[in-house]
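Peer 1: Below you will find the structure I want to go over with you.
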Ligand code: GS8
């Protein structure tokens, strides 16, 4: 994938972290541009005029949007090194199913748990724990979601590993007690340099989102 690569990102975004992990897995160098989401750059508005969101990966001047689409693009363009999706079409479809499940469920329920109060927050907490339990069952005794190989499902979920402390504080529960296998999986993923370098410190994440929650009047 020799060429000019720029990632428009925001440090606390789990979505830009996914892209950074995928690029690191492939050993690809890239430059980053940090966005101020309260005052988006003309470049971001130009390259993602539809959603106006980060992350955007600009490859030789061509923008690709949506984190999981970017991860799949990186995998397709750079096939030979560390495949992120299985070769078998059925297994690929399964991996996409789980990545999509994470995409639809985890962020929205995380936001509800962290940024709301009372009954809404309780419902968000219950749904979030249920989703993680579904993922815990899918993981089973495997090392990674795809078996022995780290891949797209791990990449989709692992940025939220650094939110566990935030979940526990806002929801007043022990993640380890609810989903011990997911916690062990997260620790294992963090042993990979591609992951640990892409994820900010969990306490920095905690402080940032707690501050935001206070502004929303939730904490
Ligand atoms: C979500 C990106 C997103 O929410 C993806 O890339 O997977 N489905 C997309 N980006 C947020 C920052 S992270 O919370 C964003 O850019 N927000 C600014 C806005 O919506 O105005």
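Peer 1: Only one of (1) outside the structural domain of residue 171 (by TED's automatic domain parsing); (2) touching a helix residue (DSSP H, G or I) at 6+ places or on another chain (Cβ under 7 Å); (3) part of a helix (DSSP H, G or I) fails for residue 102. Which number is that?
Peer 2: Residue 102 satisfies every listed condition except (1).
Peer 1: For residue 115, work out the one condition from (1) closer than 29 Å to residue 218 by Cβ; (2) within 11 Å of the ligand (Cβ to nearest atom) it doesn't fulfil.
Peer 2: Result: residue 115 fails condition (2) only.
Peer 1: Here's a check for you: in region 44-72, which residue that is at positive phi and over 13 Å from the mean Cα position of the chain (by Cα) is surrounded by the most Cβ atoms within 10 Å (Cβ to Cβ)?
Peer 2: Of everything passing the filter in region 44-72, 52 is surrounded by the most Cβ atoms within 10 Å (Cβ to Cβ).
Peer 1: While we're looking at this one, here's another question. Could you please find all residues in region 16-40 being buried (at least 20 other Cβ atoms within 10 Å of the Cβ) and within 12 Å of the ligand (Cβ to nearest atom)?
Peer 2: Correct list: 16, 17, 18, 19, 35.
Peer 1: So, in region 53-86, how many residues would count as being near the ligand (Cβ under 8 Å from one of its atoms) and in contact with a helix residue (DSSP H, G or I) (Cβ under 6 Å, 6 or more places away or on another chain)?
Peer 2: 5
Peer 1: Right, next: Hey, could you check region 142-174 for residues that are in contact (Cβ under 8 Å) with a residue 24 or more places away in the chain and more than 27 Å from residue 72 (Cβ to Cβ) and say which is surrounded by the most Cβ atoms within 10 Å (Cβ to Cβ)?
Peer 2: Only one residue fits best here, namely 170.
Peer 1: If you check every pair at least six apart or on different chains, which have Cβ atoms under 8 Å apart with a residue in region 192-206 that is free of Cβ contacts under 8 Å to residues at least 12 places away in the same chain first and a residue that is in a helix (DSSP H, G or I) and surrounded by fewer than 17 Cβ atoms within 10 Å (Cβ to Cβ) second?
Peer 2: Close Cβ pairs (under 8 Å, with a partner that is in a helix (DSSP H, G or I) and surrounded by fewer than 17 Cβ atoms within 10 Å (Cβ to Cβ)) amount to 196/190.
Peer 1: So how many residues does region 93-124 have that are closer than 23 Å to residue 210 by Cα, over 15 Å from the mean Cα position of the chain (by Cα) and surrounded by fewer than 21 Cβ atoms within 10 Å (Cβ to Cβ)?
Peer 2: 10
The values are calculated or read from the model by the stated rules, or taken from the named source; none is laboratory data. Treat the numbers as computed from the prediction; the structure is a model and nothing was measured. All Cβ positions, glycine included, derive from the backbone under ideal geometry; neighbour counts span all protein chains shown.
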